[in-house]
Amino acid sequence: MSKAAITGVHGYVPDYVLTNAELERMVDTNDEWITSRTGIKERHILKGEGMGSSHMGAKAVAGLLEKVNTKPEDVDLLICATTTPDFVFPCTANLICDMVGIRNVGSFDIQAACSGFLYAITVGSQFIETGKYKKVVIVGADKMSAITDYTDRTTCVLFGDGAGAVMLEPNTEGLGILDSIIKSDGVGQNHLFQKAGGSRYPPTHETVEKRWHYVYQDGPSVFKFAVKNMADVSAEIMERNQLSGGDVAWLVPHQANKRIIDATAHRMGIQTDKVMMNIHKYGNTTAATIPLCLFDYESQLKKGDNLVLAAFGGGFTWGAAYVKWAY
Ligand code: UT7
C-alpha cells in the first residue's frame, strides 16, 4: 500500500512585523518577560482591509504549486486547517481554491485549533493511502490578529499570522507519513476559546462589549496540559514505531511556547539542535506553525530523515505524526 509523502512545502507570512518593543508601547509588558516566558521576539501581522486567512493560505498554496510544478487542475483535493476562517461559511478551503484556480474538486476546512495541521495531514493522507487521490494539498492558515485582544497582555504577545502548505502524493519506497495519532478531550473547552461569534453566542452589542470575540486563554492551565500531552503523545508515537531519540532527525513541534517545546524534546531524548524552532520570528500562528517550520528548515532536510511532528491546542486537541522525509 502507498503511503502519503510530503513532496513539497511552502510558507507565507505577511510583511508587517510586530516586535516586542512595539507591544511594550501597547500594554504593560516587556521584552524580558515575553522572551523568557515564551521565546517570542516578533510576529508577522496581516494588515489591510478585507483580507483574511485565505489571502495567506492562497499565497502559500500558489507558491507550493509552482515549486512542485503542479497545475491547479491536477490537484485532487484541498484541505485547510484554520481557526480563523474568513467567514463562518463558505469554508476557507473553498476560497483558497478559487484564488489559486483549483476548481471542481473537493475542499473543506478542519477545525482543531493549534493541532489543525496535524489533523489535516492525518485526514488527507487517508485519501492517498486508499488510492482515491494522487495529489492532496494541505494548508494551515491563521490570521490570529483578527481574534487577538491587543489590550490583554496575557494573550496579545503570543500570536502571529501566517500560512504554510504541503503537497501529499503516493510513495511506495516506504517514505511519507508512516503513522499518526490524533486525540481530543473537551475538558479544555473553557481554558482556551473564543466565546462568541458561533451559534451558542451569536454576535450582539453585549458580546462585543464583553470582548467575547477575542481569544480567551487560562495560560497556566493550558501550559500544564500542553507539556504533559504533547510529550506523552510524542513518546507514544516513538514507542509504537520503535524509535529512540537518536533515530529522530528532527522534532517538528507546534510553536506555542519555547518552554513547552523544550520539555517535549527533553522527554523524547532529543537534543536542542534537532528541534525545529521559529517561534522567535512568528509567535504562535496556530495551524501554520508546523508547515512554517518545515518550510524554514526545508534545505536542511534529507531524504529518509525521521521526523516527529507534535501539536497541542484548544479543545483540547493534540497529536503526533511520524514522517519519513521523502526528498
Ligand atoms: O497553542 C495553543 C496552546 N497554548 C499554549 O500552549 C500556551 C500555554 N501557556 C503558556 O504558554 C503560558 O502559560 C503563558 C506564556 C501564556 C503565560 O506564562 P506563565 O509563565 O504561565 O505566566 P502566568 O500566566 O502564570 O503569569 C505570571 C505573571 C502574572 O503576574 P502575577 O499574577 O504573578 O503578578 C501575569 O499577570 O506574569 C504576568 N503576565 C505578564 N507580565 C508581563 C502575564 N502576561 C504578561 C505579559 N507581560 N505579557
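The values are calculated or read from the model by the stated rules, or taken from the named source; none is laboratory data. Predicted model only: the values in this text are computed from it and were never measured. Here the Cβ positions follow ideal geometry from the backbone for every residue, glycine too, while neighbour counts run over all protein chains shown.
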### Query
Restricting the search to segment 310-325, which residues are of a type in the set (G, A, S) and either modelled with pLDDT under 95 or closer than 18 Å to Q189 by Cβ (or both)?
A311, G313, G314, G315, G319
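Here's the yes/no breakdown for (1) within 16 Å of the ligand (Cβ to nearest atom); (2) farther than 16 Å from Y119 by Cβ; (3) of a type in the set (A, V, I, L, M):
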position: Y282; (1), (2), (3): yes, yes, no
position: L292; (1), (2), (3): yes, yes, yes
position: K302; (1), (2), (3): no, yes, no
position: D305; (1), (2), (3): no, yes, no
position: Y327; (1), (2), (3): no, yes, no
### Message
Test of understanding: among S54, S36, which residue is within 16 Å of the ligand (Cβ to nearest atom), out of contact with any Gly (no Cβ under 8 Å at 6 or more places or on another chain), not in a loop (DSSP other than H, G, I, E, B) and not β-branched (V, I, T)?
### Response
S36
### Query
Just wondering, is there one or more residues in segment 16-29 that are over 30 Å from E129 (Cβ atoms), assigned by TED's automatic domain parsing to the domain that holds G140, of a type outside the set (S, T, Y) and part of a loop (DSSP other than H, G, I, E, B)?
yes
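Table: residues versus (1) touching a residue at least 40 places away in the same chain (Cβ under 8 Å); (2) over 16 Å from the mean Cα position of the chain (by Cα).
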site	(1), (2)
S2	yes, yes
T19	no, yes
R25	no, yes
N30	no, yes
G48	no, yes
S54	yes, no
G63	yes, yes
### Query
If R153 satisfies every condition in (1) surrounded by fewer than 20 Cβ atoms within 10 Å (Cβ to Cβ); (2) over 28 Å from V222 (Cα atoms) but one, which is the exception?
(2)
### Task
May I ask you to say which residue of L294, L309 is part of a helix (DSSP H, G or I), within 13 Å of the chain's Cα centre (by Cα) and in the same structural domain as S234 (by TED's automatic domain parsing)?
L294
### Selection within segment 184-223 - among the hydroxyl-bearing types (S, T, Y) and either surrounded by 12 or more Cβ atoms within 10 Å (Cβ to Cβ) or within 16 Å of the ligand (Cβ to nearest atom) (or both)
S184, Y201, T207, Y214, Y216, S221
### Query
If you go through segment 120-154 one residue at a time, how many are within 16 Å of the ligand (Cβ to nearest atom) and hydroxyl-bearing (S, T, Y)?
5
### Task
For residues that are of a type outside the set (A, V, I, L, M) and crowded, with 22+ Cβ neighbours inside 10 Å, scanning just segment 108-121, find the one that is farthest from N284 (Cα to Cα).
D109
### Query
Among S36, S2, S53, which is in contact with a Pro (Cβ under 7 Å, 6 or more places away or on another chain) and surrounded by fewer than 17 Cβ atoms within 10 Å (Cβ to Cβ)?
S2
### Message
Of all residues being under 25 Å from A326 (Cβ atoms) and either in contact with a Lys or Arg (Cβ under 8 Å, 6 or more places away or on another chain) or among the aromatic types (F, W, Y) (or both) in segment 236-262, which is nearest to the ligand (Cβ to nearest atom)? Just the residue, please.
### Response
L251
### Query
When you look at A226, is it within 14 Å of the ligand (Cβ to nearest atom), under 28 Å from V248 (Cβ atoms) and not β-branched (V, I, T), yes or no?
yes
